[in-house]
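Notes follow once the structure below has been shown.
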Amino acid sequence: MIEILVVIAVIAILAALLLPAISAAKNKAQSIACLNNVKQLQTGWLMYVNDNNDRVPPNKSALVQGTWRSSPDSWIRTSNAPYDATFDNIKKASTTPIS
């Protein structure tokens, strides 16, 4: 019985040592995913410019009820990107192919 308790204690100590390392790895993976998303946006922007005679995508916005909102012909046509639950507004942007 004591041997089982010792094994459980050793496993608990090893788990306590590994949890901070796993947490740090998760944070690093999230930052890498974020950097990849930014790279993809930059690549898409450059592809748009190359395909459209060196013209950048339109980026129009207006102040509506104290909040800046993108206009329908903007490159990121959206109501409020950080809070959008779906990709519908992003799919309507000028840099997104019409499907």
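For (1) modelled with pLDDT of 80 or more; (2) surrounded by 10 or more Cβ atoms within 10 Å (Cβ to Cβ); (3) in a helix (DSSP H, G or I), each residue gets a yes or a no:
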{"residue": "Ala15", "(1), (2), (3)": "yes, yes, yes"}
{"residue": "Leu18", "(1), (2), (3)": "yes, yes, yes"}
{"residue": "Thr78", "(1), (2), (3)": "no, yes, no"}
{"residue": "Ile90", "(1), (2), (3)": "no, yes, yes"}
{"residue": "Thr96", "(1), (2), (3)": "no, yes, no"}
{"residue": "Ser99", "(1), (2), (3)": "no, no, no"}
Subject >> Subset of the range 38-58 (residues that are polar (S, T, N, Q), surrounded by 10 or more Cβ atoms within 10 Å (Cβ to Cβ) and assigned to a helix (DSSP H, G or I)) >> reply: Gln40, Gln42, Thr43
Original post:
How many residues are among the charged types (D, E, K, R) and over 23 Å from the mean Cα position of the chain (by Cα) when one looks only at the range 14-66?
Top reply: 3
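The values are calculated or read from the model by the stated rules, or taken from the named source; none is laboratory data. The structure presented is a predicted model; accordingly, all values stated were derived computationally and were not measured. Note that we place each Cβ from the backbone using ideal geometry, even for glycine, and neighbour counts take in every protein chain shown.
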